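All remarks here apply to the structure that follows.
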Amino acid sequence: MSSPSTSLDGPSKTMIYLAYLAAFAGVCGHASSEFVVKLTGLQGAEVTVWRFGLGGLALVLVALAQKSTRDLITPLRQDFVPIVALSIGGMAFAQFLFHLALDYASVVQVATMVTMMPIFVVFVARIVEKTPVTAPKMVSGVGAFLGCLFLLTDGVLDKLEGGASSLPGVLLALGCGAIGAVYLVLVRPWIKKYGAIRMTTYTFALGGVVLWPLVGALWGIWVDPLSLFDRPGGQMAAILTLGIWNTCIGFILWLWGLGHVPDPARGNYLFFLKPVIAAILATFILHTEITWPQLAAILAITGFVLGEIFYDEIRGMLTRRKAARDSG
């Protein structure tokens, strides 16, 4: 990602504010996707085809509109196998699990579990790239572990209370986060080579081509693109929103924002607002009740991530207090 233009005084404050605003808007796109999926009223398999079809088409148009990303053929000729494997077996498969998870679990449960994807990236990078796991990263890892426990407990409680168990959905969302993390680590060299927009375009465009016959063969649901405009207004609007806003525009804003903030690592922490935004949307619009285990999972993940962000400050404060007690 290119950095914003700088002067002797560094990036302009306006550019920095715009970058963070764009990244936050991208997070809102991610966070509202669970909510919009519910509004479509479709099964996870079918809604995945619509999202990848419309989102992939929109991203192709965006890529073709820019000179630097217009050539979508040459990368496929040069690195066909890794690009296709990462696009279909990586993020496309992860998103497929994500939509299936929403058939079994609540918006808050899925959003919270998927939020752990950046935390999983740390441990995948340790295995694949031998990147050391620092003490601050271990702090957020503890939060991820506690978040998993709380949500798994929530799924078991649903069953014990006589309702339908949300455990399958929680586990599917966990699989989405884990596979997505592997994708984000393995795709890095190709993003550096071909750019984030082209790689994101391949993910959704190629994913749409594969998912359409796959869902048709396994679920018997053959999505007819022409049927979009025959659907009720609310459902059609939700499908279009999922493809254009949540997939195309949301991803572009997120990538552009992270590429222009002074510290991309800090900018990435905005992603952990995802379950909070999803919880607000679910509560006030879908009227979904948030359980105590779900709330505990949100607090565990976001709280421990805050602990990672301010790790040095907290450690310094504790060290100074200890030194003051020892001297006293």
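Which of the following values of Kirkwood radius over Cα pairs in Å was calculated from the structure shown: (i) 20.9; (ii) 19.8; (iii) 21.7?
The value computed from this structure is option (i).
For residue 142 paired with residue 127, estimate the spin-label separation in nm (one decimal), with each label point 7 Å from Cα along the Cα-to-Cβ line.
Here the modelled spin labels are 2.4 nm apart.
How about segment 35-144: which chymotrypsin sites (Phe, Trp or Tyr not before Pro) there lie in a loop by DSSP and see at most 10 other Cβ atoms within 10 Å?
none
How many nm separate the modelled label positions at residue 323 and residue 66, each set 7 Å beyond the Cα in the direction of the Cβ?
4.7
Which longest uninterrupted range of the chain lacks any GluC sites (Glu not before Pro) assigned by DSSP to a loop state (not H, G, I, E or B) and surrounded by at most 12 other Cβ atoms within 10 Å?
Counting only loop sites that pass the neighbour cut-off, the longest clear stretch is 1-128.
To the nearest 20 debye, what is the magnitude of the charge dipole of segment 6-74 about its Cα centre, counting +1 on the Cβ of each Lys and Arg and -1 on the Cβ of each Asp and Glu? Before the final figure, lay out the partial values.
Values: 5 positive and 4 negative charges, 20 e Å.
Result for segment 6-74 is approximately 100 debye, rounded to the nearest 20.
I want to verify a result. In a Gaussian network model of the chain, Cα cutoff 10 Å, which of these has the top mean-square fluctuation: 22, 217, 300?
Maximum among the listed residues: 217.
Of the candidates 60, 108, 133, which one comes out as most mobile in a Gaussian network treatment of the chain with C-alpha springs shorter than 10 Å?
Result for the chain, Cα springs under 10 Å: 133 fluctuates most.
With the cut-off at 1.5 for a/c, could you classify segment 1-150 from its C-alpha gyration tensor as rounded, prolate or oblate?
rounded
Report the full-extension gain for the segment residue 292 to residue 76: residue separation times 0.36 nm, less the Cα-Cα distance, to one decimal in nm.
Between residue 292 and residue 76, full extension yields an extra 73.0 nm.
With runs of 4+ DSSP H residues as the only contributors, calculate the mean residue ellipticity of the chain at 222 nm using -39,500 (n - 2.57) per run, divided by the residue total and rounded to the nearest 500.
-23000 deg cm²/dmol
Scan the chain and hand back the longest stretch that contains none of the trypsin sites (Lys or Arg not before Pro) lying in DSSP loops with at most 14 other Cβ atoms within 10 Å.
Segment 131-328 is the longest.
Taking 8 Å as the Cα distance limit and 6 or more residues as the minimum spacing, I'd like the relative contact order of the chain as a percentage.
Averaging sequence separation for qualifying contacts and normalising by length gives 39 percent for the chain.
Give, in nm to one decimal, the length gained when the segment between residue 227 and residue 285 is fully stretched (0.36 nm per residue of separation minus the Cα-Cα distance).
Details: separation 58, 0.36 × 58 = 20.88 nm, distance 2.69 nm.
The residue 227-residue 285 span can extend by a further 18.2 nm.
Quote the charge dipole size of the chain about the Cα centre in Debye, to the nearest 20; the model charges only the Cβ of Lys and Arg (+1) and of Asp and Glu (-1).
Using Cβ point charges on Lys, Arg, Asp and Glu, the chain gives about 980 debye.
Every number in this text was worked out from the coordinates using simple rules, so none of it is lab data. Just so it is clear, the model here is predicted, and its values are computed rather than measured. Cβ atoms come from the backbone with ideal geometry, glycine included; neighbour counts cover every protein chain shown.
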